[in-house]
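Structure record follows, encoded as structure tokens.
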Amino acid sequence: MPTLPKIITRTLSLKLSLMAVCEISLLLMVALAVMFHYSRKVLKEEAMIDAEHTLDGTAQHIDNVLLSVEQSAGNIYFDLLKHLDEPERMYDYSRHLVESNPYIVGCAIVFKPHYYLGKELFMAYVRRKGYSLTADNTELVTQATYTERPYTEQEWYTKPMKREAPCWTYPLKNEDAEGEPLVSFCLPIRDKSDTCVGVLAADLPISLLSQIVLSAKPSAHGYSTLLADNGSYIVHPDSTKLNYQTVFYQLHEGADPSFIEAAEAMVSGDEGYRLVNIDGKKWYVFFKPFVRSLTPGRAEGKLGWSVGVLYPDDDIFEEYNRLLYYLLTIAIVGLLVFFLLVRFVTHRQLLPLSLLTHSAQRIAKGNYSETIPATNRKDEIGQLQEHFQQMQQSLASHISELEQLSTTLKDRNEVLRIAYDRAQEADMMKIAFLHHMTNQMLEPTLALENSVKTLCNNYQELTQQEADHEVDNIQQKSHTIIEVLNSMIHGAADDIKATSEQKDSEKGGRL
């Protein structure tokens, strides 16, 4: 059974079809590779542009909420400075701030220990009970404490008192029954001597920021996140991660180094993107620092937050990969159809060559009268067919002449064989004749010899009668020899004449 390489080498149409398909495949693969290279590059650039817009929009939305909280707290703050000596009025300011701004879920006004006579610690804290983003009205609760720990040990008090400047705290886990994670805007309260005597803190729920950040869904499976400068999550779709002290805590849980590298870039305030590996999948992380807008009267200072947008690699290149599969399928099917079409066309165009091959095989086997069909084609194959037809006709003519010549040679050979046989027969007859004549001449010759010896050796002793007798024997034997010689001469003359007449007759027959 012939193997595939042998079939390919023996079939010209198949070989040409494969060569054409291979060349087209090479060109197609190069074109597709270039196209998909630039398509992937364009998709990546579009993803970066989308991420930039998402980051800017998310940061702007968050900043608007923060600015609203800061302005509301500022409005209360300046009126509060006029009534620092009225502790009971601090509850009214706290309540008013919570009621005036729907983003604020709690307000605490505290003073340093023993600021009011007879009170070691003073705290006017009003919060919303059962806060919900969808609820229009919630019950306000007034409390004298925030948690079991004194507020003097909590960051929302110690940080602004130490800085003596407005600031936002890191996300705090509220320790009340409802457990709402919070960030707080803190204003240090200064007395007439410009000394920090207390803090006004407005609480902003993380759930509100989460709603803003997570609503900016960049793709089907992507999400946005907000990271503080200490590495703690402010917003993340996985609420369990909000309980981590910092993002670097995941390093101990086997997080990929690329993820930690991206987190470090975000914490350090860099802007750009990273390709990270999360749970065995590739993600693109686009990030930029959260920058507050410059507004007249707004306290300066950077929060150190960073906004990030995470795109799964499959989301960015999903359509690209689908298109790649479609095009590869179309290319394979197209190449197969192209191969079949080229195979059909080349086989049809080279069919005369196949017929010529079979005709040549038959001619090689001795069928010199094989008919070569005529053609109307004017291309190289048509010319080859015409020349092959002429060659076959010329070969058939020459073969016919050779056959006639062969027949003539056979006839001549037969005549020569017969003549040769006759010559052989004649030679045998001549040999027999000579042998016979020799035998006939032998006896008289011997007798003649004896008689001559007798006369020569004993002529003195012989009588006249005996000598005459010997002479008569010599004459008689000589006469016998002469007759034998005459018979031979006459027989040779007859043979020469007969041979000459036969040659003349044969020559006349050929003419």
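Readers should treat all values here as calculations from the given coordinates under stated rules, not as data from a laboratory. Bear in mind the structure is a predicted one, so any value in this text is a computation, not a measurement. We place every Cβ from the backbone using ideal geometry, glycine too, and count neighbours over all the protein chains shown.
Things to note:
- In this structure, the amide hydrogen of Gly198, modeled 1.01 Å from its nitrogen in the peptide plane, lies closer than 5 angstrom to those of Lys112, Ile189, counting only residues at least 5 positions away or on a different chain.
- Considering only Cα atoms, the convex hull volume of the range 76-123 works out to 69 Å³ per residue.
- Within-12-Å neighbourhood charge of His358 [Cβ basis; K, R +1; D, E -1]: +1
- Beyond 25 Å in Cα-Cα separation lie the following of the pairs Lys281/Lys302; Lys129/Lys288; Lys82/Lys112; Lys365/Lys410; Lys82/Lys162: Lys281/Lys302; Lys129/Lys288.
- Seen from all directions on average, the range 428-495 presents a Cα convex hull projection of 4.7 nm².
- Distance between the range 60-122 and the range 257-295 - C-alpha centres, whole angstrom: 35 Å
- Estimated from the Cβ-Cβ distance and a Förster radius of 51 angstrom, the FRET efficiency linking Tyr38 and Gln393 is about 0.25.
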